[in-house]
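Below is one structure, written out as structure tokens; comments come after it.
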Amino acid sequence: VQLQASGGGLVQAGGSLRLSCAGSGSIFRPTIMGWYRQAPGKQREVVATITNGGSTNYADSVKGRFTISGDNAKNMVYLQMNSLKPEDTAVYYCNALYGTRGYWGQGTLVTVSS
């Protein structure tokens, strides 16, 4: 299984970015897909997850600003990030759970300037 993330970049505070992640290499649909992030000097943390049934969960720090969505037919997951803050600066990783095994994408850097 391979996960390819894209969409990171540099944006000013208050701006928006949309991350995309494509899963490939499996005939099965992932049970859960999600986005995690790791800021410099900090541990990786969950940002948002979505099940193949469409149920979503968000970290408190992004509720109301970020929206996760998925396309089951394409094994895609997206993260729409609005009202970005400097503290959102991090490397964002896509994750997918196939059965009991999780897979990580390569990460995409999001930098929010003040």
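The values are calculated or read from the model by the stated rules, or taken from the named source; none is laboratory data. No experiment lies behind these values; they were computed from the predicted model shown. For neighbour counting, all protein chains shown are included, and Cβ atoms are generated from backbone atoms with ideal geometry for every residue, glycine included. For the accessible areas, the whole protein counts, side chains as well, though only heavy atoms, and no ligand, DNA or RNA atoms are used. Shrake-Rupley method; radii C 1.70, N 1.55, O 1.52, S 1.80 Å.
Here are THR51, THR89: which of them is of a type in the set (Ser, Thr, Tyr) and without any contact (Cβ under 8 Å) to a residue 40 or more places away in the chain? Full working, then the answer.
Working: THR89 fails: without any contact (Cβ under 8 Å) to a residue 40 or more places away in the chain.
None of the other options fit; the residue is THR51.
Of the conditions (1) within 14 Å of GLN2 (Cα to Cα); (2) at pLDDT 95 or above; (3) exposed (fewer than 12 other Cβ atoms within 10 Å of the Cβ), TYR93 satisfies every one except a single condition; which number is it?
All conditions are met except number (3).
How about segment 14-36: which of its residues are farther than 17 Å from GLY99 by Cα, open to solvent by 50 Å² or more (accessible area, probe 1.4 Å) and assigned to a loop (DSSP other than H, G, I, E, B)?
Our first condition is that a residue be farther than 17 Å from GLY99 by Cα; within segment 14-36, this holds for 14-22, 35-36.
Okay, now just the ones that are also open to solvent by 50 Å² or more (accessible area, probe 1.4 Å), so 14, 16, 18, 36.
GLY14, SER16 - these are the residues of segment 14-36 that are farther than 17 Å from GLY99 by Cα, open to solvent by 50 Å² or more (accessible area, probe 1.4 Å) and assigned to a loop (DSSP other than H, G, I, E, B).
How many of the residues making up segment 77-90 are open to solvent by less than 20 Å² (accessible area, probe 1.4 Å) and assigned to a strand (DSSP E or B)? Working first, answer last.
Going residue by residue through segment 77-90, those that are open to solvent by less than 20 Å² (accessible area, probe 1.4 Å) are 77, 79, 81, 84, 88, 90.
Those still in the list that are assigned to a strand (DSSP E or B) too: 77, 79, 81, 90.
Total meeting the criteria: 4.
Take segment 51-76 and flag every residue that is closer than 15 Å to ALA22 by Cβ, open to solvent by less than 70 Å² (accessible area, probe 1.4 Å) and modelled with pLDDT under 95.
GLY70, ASP71, ASN72, ASN75, MET76, listed by residue number.
Among the residues of segment 37-55, how many are part of a loop (DSSP other than H, G, I, E, B) and β-branched (Val, Ile, Thr)? Explain how you work it out, then say what you get.
So in segment 37-55, the residues part of a loop (DSSP other than H, G, I, E, B) come out as 39-44, 52-55.
Applying the additional criterion that residues be β-branched (Val, Ile, Thr) yields none.
Matching residues across segment 37-55 total 0.
Taking segment 37-50, which residues are among the polar types (S, T, N, Q) and crowded, with 16+ Cβ neighbours inside 10 Å?
Narrowing segment 37-50 to residues among the polar types (S, T, N, Q): 38, 43, 49.
Scanning segment 37-50 gives a single hit, THR49.
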